[in-house]
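Colleague: If you scroll down you'll find the structure; I have some questions about it.
The values are calculated or read from the model by the stated rules, or taken from the named source; none is laboratory data. Being a predicted model, the structure only gives us computed values, none of them experimental. As a convention, Cβ positions derive from the backbone with ideal geometry for all residues, glycine included, and neighbour counts pool all protein chains shown.
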């Protein structure tokens, strides 16, 4: 039996995502409107309110030296729009929104999956243990890598045991 879609609904009466209803894409339009509202108010975008972590990150601890390495996926952000700083036990990462490259007079987004919003967040890096003065940051292929060495005085030390007779 051939089930046809009628009146903007699926075979079981459910509205399909991106189904054209009354001349507009219902769900996409609602989220675009919410994102515009949050962006205008300089609040997190609607999708940020649901626990999405951005930018995606890896945090690695060297088992031997105890040095820390952070990797952040920041594809689409120019170097001048990325700021990294340390304040006490916090490493601050700030991403500033890139200007829109799309000529809205000639084109429109049909789907927008790449994030370009501004973000500022911190990561815990114990100042007493890590040498933030000698931290190094490099960026290659959209990955920002931050290396933070452990302070000399915080490195594991072996203590010689003297045998008493």
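Colleague: Output the residues belonging to segment 78-92 that are surrounded by 12 or more Cβ atoms within 10 Å (Cβ to Cβ), out of contact with any helix residue (DSSP H, G or I) (no Cβ under 7 Å at 6 or more places or on another chain) and in contact (Cβ under 8 Å) with a residue 40 or more places away in the chain.
Modeller: Of everything in segment 78-92, those that are surrounded by 12 or more Cβ atoms within 10 Å (Cβ to Cβ), out of contact with any helix residue (DSSP H, G or I) (no Cβ under 7 Å at 6 or more places or on another chain) and in contact (Cβ under 8 Å) with a residue 40 or more places away in the chain turn out to be 82, 84, 91.
Colleague: Here's a follow-up. Only one of (1) closer than 17 Å to residue 62 by Cα; (2) over 17 Å from the mean Cα position of the chain (by Cα); (3) modelled with pLDDT of 80 or more; (4) surrounded by 10 or more Cβ atoms within 10 Å (Cβ to Cβ) fails for residue 152. Which number is that?
Modeller: (4)
Table: residues versus (1) touching a helix residue (DSSP H, G or I) at 6+ places or on another chain (Cβ under 8 Å); (2) in the same structural domain as residue 62 (by TED's automatic domain parsing); (3) over 24 Å from residue 56 (Cα atoms); (4) exposed (fewer than 15 other Cβ atoms within 10 Å of the Cβ).
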{"position": "121", "(1), (2), (3), (4)": "no, yes, no, yes"}
{"position": "125", "(1), (2), (3), (4)": "yes, yes, no, no"}
{"position": "132", "(1), (2), (3), (4)": "no, yes, no, no"}
{"position": "135", "(1), (2), (3), (4)": "no, yes, no, no"}
{"position": "140", "(1), (2), (3), (4)": "no, yes, no, yes"}
{"position": "146", "(1), (2), (3), (4)": "no, yes, no, no"}
{"position": "163", "(1), (2), (3), (4)": "no, no, yes, yes"}
